[in-house]
Amino acid sequence: MSTTSCRVAAADTGRTCKHYANGQCTSALALPLYGAHPSVGVCQVCEHYRGRPRGLGDVVEAAARLLGIKRAVKVVEHATGKQCGCPERRQALNEKFPNSVNESIDAEPK
């Protein structure tokens, strides 16, 4: 899929991440990994995604961020040198328990 068709596909799927503007990813953390024009698939699993919850994993991550748990985990990661596995768990929870509300928000009322 070409970059242009990725951007069109992203617009069709209603990509609402705050890091995605004017057809480009603006996240300073994601740019070195995925470039300015990530595919829709990359945005669906990006750990730097900040849009409507894609599933339970995004809800848990947002709660952990608000409660300060995420910051504490980063401190422990830095001290021990071991990765926590949070991005993998977030993705797994999003896949297992997707947010079906997103589809109904964008759909026209019957």
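List of remarks:
- Per-residue 3J(HN,Hα) values for the stretch 56-69, derived from phi via the Karplus relation 6.51 cos²θ - 1.76 cosθ + 1.60 with θ = phi - 60°, read 4, x, 5, 5, 5, 5, 5, 5, 5, 5, 5, 7, x, 5 Hz in sequence order (x marks Gly and Pro).
- Residue by residue, the stretch 16-21 carries 3J(HN,Hα) couplings of 10, 5, 5, 8, 10, 9 Hz when phi is fed to the Karplus relation 6.51 cos²θ - 1.76 cosθ + 1.60 (θ = phi - 60°); x denotes Gly or Pro.
- Additional length obtainable on full extension of the chain from R50 to A72, 0.36 nm per residue less Cα span: 5.9 nm
Only the coordinates and a few stated rules stand behind these numbers; no lab work does. None of these values were measured; they are calculated from a predicted model.
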